[in-house]
Structure formats: C-alpha cells, structure tokens
Amino acid sequence: MLGGESLSLERRGSRGQTGEVKAAAQPSNSISVRSISYSIRERVGPWWNVSLYNKKWTRQILKDVSFHIESGQMMGILGNSGSGKTTLLDAISGRLGHKDNFIGEVYVNGRQLKREQFRDCFSYVPQSDTLLSFLTVQESLTYTALLTLKKCSNDFIKKKVAAVMAELSLSHIADKVIGSRIFVGISGGERRRVSIAAQLLQDPKVMLLDEPTTGLDCLTANQIVSLLSELAHRDRIVIITIHQPRSELFRLFDQIAIMSFGEMTFCGNPMEMITFFSSCGYSCPEQSNPFDFFVDLTSVDTRSKERELETYSRVQVIVSAYKNSEIFSKVLAVIEKTKCMKELPPIPFKNKDSPSAFYKLWILLRTTGLYPDASRFGIFFAVVLASHVIGELLTLVILGVVQNPNMVQSGVVLLNSAGVIVGTGLVRTIEEMPTPFKILSYLTFQKYSSEVLIVNEFYGLNFTCGGVNSSTAPNATCLYGGIQFIEKTFPDALSRFTVNFLVLYAFLPGLAIIAILSFKIRERIIGRQ
C-alpha cells in the first residue's frame, strides 16, 4: 500500500489541473448541508416491563454537520460503526423515522428544500439489495420502469431499460436470473449494479448509496466505486458511505468526510485531508492506508473507561481543530455564496410520477402471476402478513424461556419446518398421514394458512390436460378444474375457508399473551437469582 505523503504528491499532480478547471466553470448543480442535527428518544426498559418501557432518554445521532458538494463530484463518507454515516444519508434523503427531531437545512442549487421534497430530489440505494430473485435482470428493471415511468410508452420503457443496462455493463446478463441464497443467479457485484441501474431509470442528478461495497470482494468493490466515480463525472452528484476502502480508491474521491459519534471530524478533498491531519500532528505513516489510519485516529475505543476517555478527548480536539480551520470556513462561505446566486438552475427533481396504490397492485398482479382479483390479493396479503407475525411471536415465546439466541433461532426453524411438513401436506396429504400427525396438524398455523391460500388461488381455475395433437387417451388422474384440485389435496377446505382464516388470526393474540407471560416469568426467575 502507498503511504500518505506519496499519495498526496500524486494527487497534486493528477488532479490539480482538474480542480482549477472546476473552479473556473460554473457548476450545474450543488448540494449544501448546513448545521444538521438529529436526536432520538429511546425507551429505558424492554417492552414487557411497562414502567421502564414508558420512560425515555435522548440520544444525539448527528451534531452540527455541514458540507457542500457540486455536480461531477463523488463524496465518500467514512467512519466506524455507529458514527452516523447511514443516519446522515437518511437525513438528507427524507428517510428519518422521527422527523420532528431533525434540525438544519438542506439546499439544492441555493434553494432550501422542504422536508416533503427530499425523496423527490435524491435517489437512494440501500445497503441490502431489494430485488426479486426469480426475475431476470431485464425483467427486474422493466418492472421498476413500469412503476416509475407509468406515463411513458412501452417502446420508451424498453429503450430506457436497454440504455441503462448498457451504461452499467449489464447487457450481457440481461436474460440471467437475479438469484438468491437458495438458487444460483448473478454475482454480488452484478446484483449491486442492478440496484444502481434501478435508480438510474429516473434520471436522478443526485445519488446516495449506503455501503455499496459491503459483502463484496476487494476487486469487485473497487469496480463498483470506479463505476460510481464515472457516473459522478457525467454531471451527477454521488455521495456514498463506505467501510474500509482500499488505498487504491484514494484518487477516485473528490471529497472525503470522516465522522465520529455523529460529528464531522473532517470534510474536504484528499489532499486537504492529509494536510489537515498533518497540521494536527498526525501524519500518515508510509506504507499505510490513509483511510484506515485516519478512521482509526478519529474512532473512540470503548474497551476500557480510560481508553474511551482518552480517545474521545482526542476526537474532540480534532473536531474543534476542523471547525476552526480554513477548510471549514471555506465550506460555510461557499454555502452562503451559493444561496445568493440567482443564475443557478432550478432544483433537479427526479421523476416524480409516483404510481398509485392501485397501479402498484396491478403491476404486481401482472408480474407475479397471482389471481388477477383485488379481493383475492387482499386475502393473500393478509395470510402472508399473519404468518410472518406469528413466526416473530413464536420467536419471542421461545426467547422468553431460552436465553441463547442461537438455540432460539434453531428451535424456531425446526418448529416451522415441522409445521410445514405436518400442516401443509407438502410430503403427503393430511388424509394419508397417521392419526397422531393429523392431530398435531391442527396445532400448526401452516395448516390454516395453506388451506386458505390453496382455495384463494385455485378456486375458479380451469386446466387443460394433454396437448392439442395428443393421440393418447386422456389421463385418468388429470384434474380439469381448481375445485377438483382443492378437494383432492384439502378435502372440505372450501367449507372451512372462513373458519381457517379466523383461526389463523386467533394465533396472534394467543402467542402474544404467551410471549408476555414467558418474559414475565423469566424476569422473576432472574430477579430471584
């Protein structure tokens, strides 16, 4: 790895002229963040202890954060876990849970954004890829385009998807399935590029990405950051949070921000970063990664009380030095200057043609192949939601008895697997099972949810057996209607439809009461020890 001083010299040679050109040219777009602070109120005790649960204490997440970035630049936000990197992105993208505790201003091209405008201006790519695993790359992007560009023609959407895939080098895997942990699909780096491509469909001028390199190998991570740098240089603003970047990426960032305990310890270009920390008496050693060195320098060591006080004191000295530095003064001056400039372009909103709930439902029904009826989709959603909540409550019930999380997780997986085998007729129908298993099936929520879903999806369907040119006799086991299939797999399920639905939802209050009792008993046992 390269040393800090050599990187600084290289930076001066390779980017010095570029900086002068940018200073001379008028930026097309800019973002100014001024004195952002954010705090949350957390509950003192657990949910089963009512007296402590009602008490709250205030925790500061962000404290007086300011920065300025212009189009054509990429900013990397560094910091250890809990430093406030993701919260900063959430704050300027309008994704905070408690918006009333947010203080500060966000300006785009010198105009202050209203809270409801944040989402319409910034494109946000979360840390985890939220893609449908059974769709191909082209299908996934087309599905997203149908939702975000609903007023555009099918021909325009097709061309837009093709252009975005070409821009992110996805055309060669357009027909490959996304995949998941269960079945193999495209690679992790390709999935990340698909997530970025989904946001590019709306032509955003500002892109925010939370940990885009997490879970990727070093080579793939470098490729993703290089790709984002290219996107930024195409008249976009790109802001990313990044964890432990390699030293090779040093030259790709136009600005680097380092956070610690919600405060900005530094924000400027890489050359300014090395100069600033050197002036504070912390020069980056040769053969060291500057990112690792400066992040470690601004982190608080909580392994002991003495180390925590020592490192926190050092961080506060660095924060104070930065707030009193010429670098920070220039940032504030640029923000004020931008607010007074009248010739800047209007706020670059991305596509604001948000689809309605009905339109989302229609696209979902078209894409997933569910029965095309709104009421049936409502039943499907209600059953899936209830099953998910029941699984969470079952985890709480066991967690109140067993304190080992690994054992709890294994126990819940085994119980759910047993419920699927016994209650759904996946291996054999319930009628073919021995009497003890028939009795046990009535204790599983999977029995009721599977019967409701089977009736909901198969009732009213008609099937065709054999081909058109088939010369053989019809198969005696062929089922020509959904009702025949229901009666064969779950006899009398049609008559029990309403009862099954009510019993499924009766699991919710029952398990909730058991969970509360298990935690109360656990609390008393611990109190007596």
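The values are calculated or read from the model by the stated rules, or taken from the named source; none is laboratory data. In this text, all values refer to a predicted model and were calculated from it rather than measured experimentally. With ideal geometry, Cβ positions are generated from the backbone for all residues, glycine too; neighbour counts draw on all protein chains shown.
Tabulated data for the structure shown
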read-out	value
Top-ranked residue in the stretch 244-274 [being assigned to a helix (DSSP H, G or I) and in contact with a strand residue (DSSP E or B) (Cβ under 9 Å, 6 or more places away or on another chain); ranked as nearest to Val334 (Cα to Cα)]	Glu272
Residue that is surrounded by the most Cβ atoms within 10 Å (Cβ to Cβ) [pool: residues in the stretch 41-57 that are in contact with an Asp or Glu (Cβ under 8 Å, 6 or more places away or on another chain) and of a type outside the set (A, V, I, L, M, F, W, C)]	Asn49
Given (1) part of a strand (DSSP E or B); (2) surrounded by fewer than 19 Cβ atoms within 10 Å (Cβ to Cβ); (3) not hydrophobic (A, V, I, L, M, F, W, C), index of the condition His68 fails	(2)
Residue in the stretch 94-114 that is nearest to Gln316 (Cα to Cα), counting only those that are surrounded by fewer than 20 Cβ atoms within 10 Å (Cβ to Cβ), at pLDDT below 85 and not aliphatic (A, V, I, L, M)	Asn101
Residue that is farthest from Thr136 (Cα to Cα), among those in the stretch 167-184 that are exposed (fewer than 13 other Cβ atoms within 10 Å of the Cβ) and charged (D, E, K, R)	Arg181
Subset of the stretch 157-183 [under 17 Å from Gln199 (Cα atoms) and assigned to a helix (DSSP H, G or I)]	Ile157, Lys158, Lys159, Lys160, Val161, Ala162, Ala163, Val164, Met165, Ala166, Glu167, Ser171
Conditions (1) under 30 Å from Thr144 (Cα atoms); (2) at pLDDT 60 or above; (3) surrounded by fewer than 16 Cβ atoms within 10 Å (Cβ to Cβ); (4) of a type outside the set (Lys, Arg): number failed by Asn324	(1)
Which numbered condition Gly104 fails, given (1) closer than 24 Å to Met341 by Cα; (2) assigned to a helix (DSSP H, G or I)	(2)
Total residues in the stretch 113-164, condition among the hydroxyl-bearing types (Ser, Thr, Tyr) and under 29 Å from Ile31 (Cα atoms)	6
Whichever residue in the stretch 335-361 is surrounded by 15 or more Cβ atoms within 10 Å (Cβ to Cβ) and assigned to a helix (DSSP H, G or I) and, among such residues, is modelled with the highest pLDDT	Ile335
Residue among Val295, Val315, Val300 that alone is in a loop (DSSP other than H, G, I, E, B), touching a residue at least 12 places away in the same chain (Cβ under 8 Å) and either among the hydrophobic types (A, V, I, L, M, F, W, C) or within 24 Å of Ile69 (Cβ to Cβ) (or both)	Val300
Condition broken by Val238, with the remaining ones in (1) at pLDDT 90 or above; (2) β-branched (Val, Ile, Thr); (3) outside any helix (DSSP H, G or I); (4) more than 25 Å from Ser81 (Cβ to Cβ) satisfied	(4)
Hey, Ile454 modelled with pLDDT of 85 or more, closer than 23 Å to Phe501 by Cα and of a type in the set (Val, Ile, Thr) or not	yes
Given (1) within 23 Å of the chain's Cα centre (by Cα); (2) among the aromatic types (Phe, Trp, Tyr); (3) over 18 Å from Ile31 (Cβ atoms), index of the condition Phe102 fails	(3)
Those residues of the stretch 115-156 which are surrounded by fewer than 19 Cβ atoms within 10 Å (Cβ to Cβ), over 21 Å from the mean Cα position of the chain (by Cα) and either in a loop (DSSP other than H, G, I, E, B) or aliphatic (A, V, I, L, M) (or both), in sequence order	Lys150, Lys151, Cys152, Ser153
Test: residue in the stretch 304-312 that is in contact with a Ser or Thr (Cβ under 7 Å, 6 or more places away or on another chain), surrounded by fewer than 16 Cβ atoms within 10 Å (Cβ to Cβ) and part of a helix (DSSP H, G or I)	yes
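A quick yes/no check of all residues on (1) in contact with a Pro (Cβ under 9 Å, 6 or more places away or on another chain); (2) closer than 19 Å to Val383 by Cα; (3) modelled with pLDDT of 80 or more; (4) not in a helix (DSSP H, G or I):
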| position | (1), (2), (3), (4) |
| --- | --- |
| Gln446 | no, yes, yes, no |
| Ser450 | no, yes, yes, no |
| Gly466 | yes, no, no, yes |
| Ala476 | no, no, no, yes |
| Ser495 | no, yes, yes, yes |
| Tyr505 | no, yes, yes, no |
| Ile514 | no, no, yes, no |
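Residues checked against (1) over 14 Å from Thr241 (Cα atoms); (2) surrounded by 19 or more Cβ atoms within 10 Å (Cβ to Cβ):
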residue: Gly188; (1), (2): yes, no
residue: Ile196; (1), (2): yes, yes
residue: Met207; (1), (2): no, yes
residue: Asp210; (1), (2): no, yes
residue: Leu219; (1), (2): yes, no
residue: Gln223; (1), (2): yes, no
